[in-house]
Amino acid sequence: MSNFDSELLKMGQNAKKAARKLAYMGTDAKNEALMAMAQSLILSEDEILRANSRDITAAEKKGIKKSLINRLRLTSEGIHQMSEALGDVVHLADPVGEGDFWTRPNGLRMQKMRVPLGVVAMIYEARPNVTVDAAALCLKSGNAVILRGGAEAIESNKVLARVIAEAAESKGMPAGTIQLVEETSHDWVQQIIKMNKYIDVVIPRGGAGLIQTVVQNATVPVIETGTGICHAFVERNADFNKAIPIVINAKTQKPGVCNALETLLVDQKIAESFLPLMGAELQKHNVEIRGCAETCGILPYAVPATEEDWATEYLDLILSIKVVKNLDEAMDHIYEYSTKHSETIITENYTVAQRFLREVDAAAVYVNASTRFTDGGRFGFGAEIGISTQKLHARGPMGLKELTTVKYLIYGDGQIVK
């Protein structure tokens, strides 16, 4: 057995043992561990920032684009926010043990009870805060977690994973509750996603390439989190005073995230009056506009869009704009190019809004609001482990409940099948 296989085997065995104990850990014990983890981040701030600085320097040398470096960067404020997020998870209801009861005519008493998934493998890129969020949510929901972050954040992740794992173990959590794969070779990912004996579910979080690699090659069950080609449709009955700030927020507030706006659809009836106002605001925020022929005719500074643009998650200050005839054409475009993440319509027409809500197939569908709200914290779930764009088991922001499954408990008194 190679060192490669031996190390992963040991991690899998440790996680499986930890998961067995975590499954019946009480809520108070888990909350104590989470509070210790929160305190450990504050106490280790200097060490975390030094490690993050090494990651930033390496990323800049590699020429990684600025929007991705911004996702990678940690600050003192950011570390305090991670610590506060752990505190938020403490105050969330523990889903483990929740259930429904009923009695069958033969006297059997039935209970459907929530239980942990077991061992979760989290494979992700760039943002080191995912290390903390994933560990916190898995621990609170009674799961052991194996973390495999991207090479660009490895120094930050090493420190973060070590300090929170040590803090959790100091409060009685079993060894193996939180583990980080420090090897960043892609070969290790291929091995992890086939460890069916030790891992119960894999959750990939990152770009389209990473997600599809995991989905197409894993033998372990996968919860697919999504790339976000998110659309906003400014319909003919839109209030421009709402539409412009919504679009600016969705595109520019944090362009390198999956719930950022990538394509703007504008109703033909208002294009000539709306686009100059919208374009001027986008220019103030240094957003490059890639437009259809009609958009380019109205905005001379727009770059002609290609077919590829409509299917691209930019994660940058770039926005595709297309003029459409009506609601039906807007929804047809969304149907064709959406990744089923988040879609929004800006309109004052109730009937139009209701059609959009009913007919657009996505994890989150909005009326008169920014797509940037698709987030576990903003939905009231606490920290999230990802945004699921699939339809089985979980969809949308995945919080604690989505990290559990169910089992049935049956209480009998000698009943037999006749």
_the chain, relative contact order in percent, only Cα pairs under 8 angstrom and at least six apart counted_ = 19 percent
_Can you give me the long-range amide H partners of VAL367? Hydrogens built in the peptide plane at 1.01 Å from N, cutoff under 5 Å, separation of 5 or more residues or another chain._
ILE345
_Between segment 16-90 and segment 253-276, what is the separation of their alpha carbon centroids in Å?_
34 Å
*Taking the mean number of other Cβ atoms within 10 Å as a proxy for protection, how do you rank 276-285, 8-17 from highest to lowest?*
8-17, 276-285
*Name the long-range amide H neighbours of CYS230: under 5 Å, sequence gap of 5 or more, or other chain; modelled H, no Pro or chain starts.*
GLU262, THR263
_Out-of-range pairs (alpha-carbon distance over 29 Å; input LYS112/LYS391; LYS66/LYS391; LYS16/LYS407)_ = LYS66/LYS391
*Quantify how much of the Cα-Cα distance distribution of segment 230-373 extends past 26 Å, in percent.*
11 percent
*Which of the lysines could a cross-linker span from LYS322 if the Cα-Cα distance has to be under 24 Å and same-chain partners fewer than 8 positions apart are dropped?*
LYS242, LYS251, LYS254, LYS269, LYS284, LYS340
_Distance from segment 134-172 to segment 391-418 (C-alpha centre basis), Å_ = 27 Å
*With r as the distance between the Cβ atoms of VAL303 and LYS242 and R0 = 25 Å, compute the FRET efficiency 1/(1 + (r/R0)^6) and round to 0.05.*
0.40
_Proximal aspartates and glutamates relative to LYS140, as straight alpha-carbon distance under 20 Å, when same-chain residues fewer than 8 apart are discounted_ = ASP28, GLU32, GLU84, ASP88, ASP94, GLU98, GLU166, GLU169, ASP200, ASP375, GLU384, GLU402
*What share of Cα pairs, in percent, lie more than 38 angstrom apart in the chain?*
28 percent
*Given only helices, namely DSSP H runs of n ≥ 4 each adding -39500 (n - 2.57), what is the per-residue ellipticity at 222 nm of the chain, to the nearest 500 deg cm²/dmol?*
-13500 deg cm²/dmol
*Please grab the % of Cα pairs in segment 308-418 that end up more than 17 Å from each other.*
66 percent
_Based only on other Cβ atoms within 10 Å, what is the fewest-to-most ordering of MET398, MET35, MET122?_
MET35, MET398, MET122
*Counting Lys and Arg as +1 and Asp and Glu as -1, each charge on the Cβ, what is the dipole of the chain about the Cα centre in debye, to the nearest 20?*
1240 debye
*Of all DSSP beta bridges in the chain, what percent run antiparallel (nearest 5)?*
30 percent
*In a Gaussian network model over the chain where Cα atoms closer than 10 Å are linked, find which of PHE356, PHE101, PHE233 has the largest mean-square fluctuation.*
PHE101
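Every number here is computed from the coordinates shown, using simple stated rules; none is lab data. Quick caveat: nothing in here was measured; it's all calculated off a predicted structure. Cβ: placed from backbone, ideal geometry, glycine included. Neighbour counts: every protein chain shown.
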